Amino acid sequence: MFAYQLRLAFKSLRRNPVLSALMVVAIGLGIAVSTASVTIYHIYSSNPIPHKSDVLFHVEIDNWHPDRPFDSDHPERAPFQLSYRDVRALMQSQIPTYQTAAFRTELMVFPDGDEQRPFREIVRMCFSDFFLMFDVPFQYGHGWDDAADHAPEPVIVINSRTNLRLFGGANSVGRSLKIQDRYFTIIGVLAEWRPTPKHYDPTVNAFGEPEAIYMPFNFTPVFEITNYGNTWSWMSEPIDSHEEYLQSEILWIQMWVQLDDETQKQAYQDFLDAYVLEQKKQGRLSRPLNNRLLDVMATLEEREVVPDSTKSQLVVSLLFLVVCAINLIGILLGKFLSRAPEIGVRRALGASRRSVFIQHLIECEVIGVLGGSLGLALSVMVLNAINRMLSNGEQLHLDLTMVGAGLLLSLVAGLIAGIYPSWRICHVAPAVHLKMQ
Amino acid sequence: MIKMQGIRKIYRTEHVETHALDSFDLEVKSGEFISIMGPSGSGKTTLLNLIGLLDSFDRGSYVLDDEDVSTLSDRQMSRIRNLKIGFIFQTFNLIPDLNIFDNVDVPLRYRGMPAKERRVAIEEALATVGLASRKKHMPAQLSGGQQQRVAVARAFVGGPKLILADEPTGNLDSAMANDIMDLLEKINEQGTTVAMVTHDPDLAHRAPRQIHLLDGSLIDLETQDKPVPLINGVPVGLAKAGC
C-alpha cells in the first residue's frame, strides 16, 4: 500500500509541476539554512575524542589574584593555564597514566637547499605522552620517548602538510630539519589529524588546524621560547630575562593528564591539593583551594567553545524552516481540497479516512524529502562559502550524521506542512463531491 | 440484503432544516434489481448515499447483509463499502490521471489484494465490459459510454454483493444507456443485488421492482393495494412535482 501511495504522491506532484517545484524550493531553502546551522552547531559542540574524553583531564589550579576570581561571572572557575614553575612541579607526579604540559609557539624553520626560503611555523611544545594520550595518528614513524623528553633530544614530529611542503609527501623520517639554530631529526610524520574542536588547546582558534611541528617541551629554556597564544597574568612582575619569565606567575601553559579510574583521579586530586597547600606555605597561590580536573567535554563547555551566536543562529534557522513549512500549509490545503471529488470516489470505493490521510501525508513527505535533498545540496554550498571566508581553511562539512539530520528535518517540515491539509481532506464528506464531478 | 426502518435524514444549515428522508422504511432482498425514481429533491441520491454508507442518518436502523451498520466506525464502513458495495455514478467519476487498468484497480488496492490476483480480476472485469484492449488508455481517450463501462467494471471487479448506480445512464445516449443496462442486468443475473436511481421510465421498468420517492417518503408500486395511475410511467401524484 505504501508503494501505491508513494506512486500516487509522485503522480500528484507531476500534475502541477510549477506548484510542486515552488513547494520543494521553499522546503529546500529552509533545510539549507537549518542544516548549515545545525552542522555548525554540531561541529562546534561535538566530542573530538569520544572514546576517552572522560579519562582525559585538564589540570587547573586557582593561581589568580588573591582577592578576586579569574572569571567574575563564574567565580568557581580557575584559570585555564598554568605557570611554568607549577608545570615543572606537577610533571613530577607518577600518578597519571599519561601527562603532558604543552603550549603553542612560533619558530623559524630553515629548509635545506635554496629552493625554499626560511619561514616561521607554528610549533607545539609538548611531552612524549601528548601523542599517546590524544591518540595522534602517524603516517610515518612515531613520537619520541621519555629519554628524548628529559635530555632533551633534538627530535621533532611534523604534520602531513609540512611533510608535503618540505619533502613532497615522501617518508621523511630520519631526515634533518633546521629549526632556529639547531638541526632536528624527524622521527614521525602525522597522518591527517584534525580534532574538532581542538580540545587540547581551545584557548586559540578552537576550530583551527593543529600545529605543523611538535618539539620536546624541554627545549623551552634552551631556545628561550615564549608562547604564541594567550598569556594571562594578574600581577605586575619585573621580567628582564627568559629565566625570570619562566619563574614568574604568568600563566601560559596547558596541562593534561590521563586518569583511567576514580581511584587514580582521587589520588591525583590529592596530589594537586597537597602541592597547592605546600605552595601556600611559601606565600603563593593565595586563593581558596580550588584545584580542578575537567574532562574534555567539561573543558570545552567551560571554555565556551560554542559561541552564543551559534546557538541563537541555530534557533533562528529552525524557526525559518518552520515558517517555510507553515507557508506551505495554505498551498497544500488548496491543492488537496481541489482534489475532493477524487477523494470522494476513493472513499466510496473503500478508502478509509486514515488511508486518505496517510496518502496525503506521504505526498507532503515526498515534497519534504525532495526539498530536503535540494536543501542538503544548497547547504553544502553554504558551508563551502563559509569555509572560504574562514582564514583557517576548510573545517565545516556535512557528515553522515548531518545528512541524516537534514533528512529528518525535511520529514519534520513535511509533517508540519502536511498534517492539517491532510486532516482536512480526509474529513471531506464524500457524498457531497460524488455528484459534483 | 437491505433493511431500513424508520430512517430520518435531515440536512441542516444555519437557518434551515431540510427533511430529506423521514420515517423511511425499505427492504430489498438479496439478488433483487430495483429502480428508484422520483422528482429532483425527492431524496433518491440521499437514499443511495445512506445505503452505500457514504452518509449518516439521524434516526432509524439499517441492516446491510445481515449486519447492523447503524453505528459502525469510519474504518468499518469503509471496509464494508470496499468488500460489499460497488458504485456507479452518472458522471462516471473515473480518476483522470489514472489509466483504465489503474482506475479499475482502485477498490482492489484498498482491499490489500496481491498484485497477481488483482491483475487477473481487472483483466476479467475489463473483458466483461469489452474494454480489455483499452486498459492502457486514459479516461479522456474514451467515449462517455466506454467510460461508464469502465466504471461498471470498477464497481463489480471486487465481486460486491450490492451495486448502487446513481443515474448511470444520465449522460449517455439511448444506445449506450441500453448497453449499460444490459451489463447491470448481466451482473444482477449472477446474484448481485442492484439498486439504480434513474429518471428514465423505460429503463426503470427494466428492473423487476420499482420504487418511487416523494418528499422523502416511499411509494413502492409493487406493495400498493391499488394500482397507481401512471403518466409516462410516473405515478400521477409525482407528475406535478416536476418529474
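The values are calculated or read from the model by the stated rules, or taken from the named source; none is laboratory data. From a predicted model like this one, the values you see are computed outputs, not experimental measurements. Ideal geometry is used to build each Cβ from the backbone, glycine not excepted, and the neighbour counts take in all protein chains shown.
For the condition more than 30 Å from A:Gln247 (Cα to Cα), surrounded by 20 or more Cβ atoms within 10 Å (Cβ to Cβ) and out of contact with any Lys or Arg (no Cβ under 6 Å at 6 or more places or on another chain), what is the one hit in A:Asn163, A:Asn171?
Checking each option against the conditions leaves just A:Asn163.
Which residues, taken from the range B:187-199, are more than 15 Å from the chain's Cα centre (by Cα) and farther than 18 Å from B:Leu83 by Cα?
B:Glu189
For the range B:69-89, check the following and say yes or no: at least one residue is within 9 Å of chain A (Cβ to nearest Cβ), under 16 Å from the mean Cα position of the chain (by Cα) and part of a loop (DSSP other than H, G, I, E, B).
no
Of everything in the range B:204-235, what is assigned to a loop (DSSP other than H, G, I, E, B) and modelled with pLDDT of 80 or more? Give them in sequence order.
Passing the criteria: B:His205, B:Arg206, B:Ala207, B:Pro208.
In the range B:6-38, which residues are surrounded by fewer than 22 Cβ atoms within 10 Å (Cβ to Cβ), of a type in the set (Gly, Ala, Ser) and part of a loop (DSSP other than H, G, I, E, B)?
Scanning the range B:6-38 gives B:Ser30, B:Gly31.
So the check is Cβ under 6 Å with 6+ separation or different chains; which pairs have a first residue in the range A:350-375 that's within 14 Å of chain B (Cβ to nearest Cβ) and touching a residue at least 40 places away in the same chain (Cβ under 8 Å) and a second one that's crowded, with 21+ Cβ neighbours inside 10 Å and polar (S, T, N, Q)?
Pairs that qualify, where the first residue is within 14 Å of chain B (Cβ to nearest Cβ) and touching a residue at least 40 places away in the same chain (Cβ under 8 Å) and the partner is crowded, with 21+ Cβ neighbours inside 10 Å and polar (S, T, N, Q), are A:Phe357/A:Ser422; A:Glu363/A:Ser12.
Evaluate the following for A:Tyr140: is it at pLDDT 95 or above and more than 27 Å from A:Val257 (Cβ to Cβ)?
So A:Tyr140 passes the test.
Considering every residue within the range A:326-338, establish whether at least one is modelled with pLDDT of 90 or more, part of a helix (DSSP H, G or I) and in contact with a Leu (Cβ under 6 Å, 6 or more places away or on another chain).
Taking every residue of the range A:326-338 in turn, none turns out to be modelled with pLDDT of 90 or more, part of a helix (DSSP H, G or I) and in contact with a Leu (Cβ under 6 Å, 6 or more places away or on another chain).
When the range A:394-429 is examined, which residues are found to be touching a residue at least 60 places away in the same chain (Cβ under 8 Å), surrounded by 15 or more Cβ atoms within 10 Å (Cβ to Cβ) and under 15 Å from A:His42 (Cα atoms)?
A:Gln395, A:Leu396, A:Leu398, A:Met402, A:Ala405, A:Gly406, A:Leu409
Report the residue count in the range A:183-193 for those that are loosely packed, with under 15 Cβ neighbours inside 10 Å and touching a residue at least 40 places away in the same chain (Cβ under 8 Å).
Count: 2.
Taking B:Val63 as meeting all but one of (1) surrounded by fewer than 22 Cβ atoms within 10 Å (Cβ to Cβ); (2) at positive phi, write down the number of the exception.
(2)
One line per residue, one yes/no per condition, for (1) closer than 27 Å to A:Leu90 by Cα; (2) assigned to a helix (DSSP H, G or I); (3) without any contact (Cβ under 8 Å) to a residue 24 or more places away in the chain:
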residue	(1), (2), (3)
A:Glu121	no, no, no
A:Leu132	yes, yes, no
A:Gly143	yes, no, no
A:Lys178	no, no, no
A:Lys198	yes, no, no
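Here is a yes/no grid of residues against (1) of a type in the set (Lys, Arg); (2) farther than 30 Å from A:Gly350 by Cβ; (3) assigned to a loop (DSSP other than H, G, I, E, B):
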{"residue": "A:Lys11", "(1), (2), (3)": "yes, no, no"}
{"residue": "A:Ala21", "(1), (2), (3)": "no, yes, no"}
{"residue": "A:Ile40", "(1), (2), (3)": "no, yes, no"}
{"residue": "A:Asn47", "(1), (2), (3)": "no, yes, yes"}
{"residue": "A:Ser53", "(1), (2), (3)": "no, yes, yes"}
{"residue": "A:His58", "(1), (2), (3)": "no, yes, no"}
{"residue": "A:His65", "(1), (2), (3)": "no, yes, yes"}
{"residue": "A:Ala78", "(1), (2), (3)": "no, yes, yes"}
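Tell me the residue from A:Asp67, A:Asp73 that is surrounded by fewer than 15 Cβ atoms within 10 Å (Cβ to Cβ), within 26 Å of the chain's Cα centre (by Cα) and not assigned by TED's automatic domain parsing to the domain that holds A:Leu378, please.
Only one candidate passes the filter, namely A:Asp73.
Residues of the range A:207-246 being under 25 Å from A:Ser286 (Cα atoms), acidic (Asp, Glu) and touching a helix residue (DSSP H, G or I) at 6+ places or on another chain (Cβ under 9 Å), which ones?
A:Glu237, A:Glu243
Here are some conditions: (1) surrounded by fewer than 16 Cβ atoms within 10 Å (Cβ to Cβ); (2) in contact with a strand residue (DSSP E or B) (Cβ under 8 Å, 6 or more places away or on another chain); (3) farther than 30 Å from A:Ser45 by Cβ; (4) not hydrophobic (A, V, I, L, M, F, W, C). A:Thr231 meets all but one. Which one does it not meet?
Here A:Thr231 clears every test but (3).
Does the range B:131-167 hold any residues that are of a type in the set (Lys, Arg) and without any contact (Cβ under 8 Å) to a residue 40 or more places away in the chain, and which are they?
Answer for the range B:131-167, where residues must be of a type in the set (Lys, Arg) and without any contact (Cβ under 8 Å) to a residue 40 or more places away in the chain: B:Arg134, B:Lys135, B:Lys136, B:Arg149.
Hey, does the range B:182-203 have a residue that's away from chain A (no Cβ under 14 Å), within 22 Å of B:Val28 (Cβ to Cβ), assigned to a helix (DSSP H, G or I) and touching a Pro at 6+ places or on another chain (Cβ under 8 Å)?
Yes.
Sort through A:Arg303, A:Arg339 and tell me the only one that's within 14 Å of chain B (Cβ to nearest Cβ), surrounded by fewer than 21 Cβ atoms within 10 Å (Cβ to Cβ), touching a Ser or Thr at 6+ places or on another chain (Cβ under 8 Å) and in contact (Cβ under 8 Å) with a residue 60 or more places away in the chain.
None of the others qualify; the one that does is A:Arg339.
Please work out if B:Gln141 is surrounded by 15 or more Cβ atoms within 10 Å (Cβ to Cβ), modelled with pLDDT of 90 or more and over 14 Å from the mean Cα position of the chain (by Cα).
Taking the combined requirement at face value, the residue does not satisfy it.
Between a residue in the range A:10-30 that is in contact (Cβ under 8 Å) with a residue 60 or more places away in the chain and more than 14 Å from every other protein chain (Cβ to nearest Cβ) and any residue that is aromatic (Phe, Trp, Tyr) and surrounded by fewer than 19 Cβ atoms within 10 Å (Cβ to Cβ), which pairs come within a Cβ distance under 7 Å, given they are 6 or more apart or on different chains?
The qualifying pairs are A:Gly30/A:Phe320.
Please go through the range B:100-112 and give me each residue that is free of Cβ contacts under 8 Å to residues at least 40 places away in the same chain and more than 11 Å from chain A (Cβ to nearest Cβ), ordered by number.
Scanning the range B:100-112 gives a single hit, B:Phe101.
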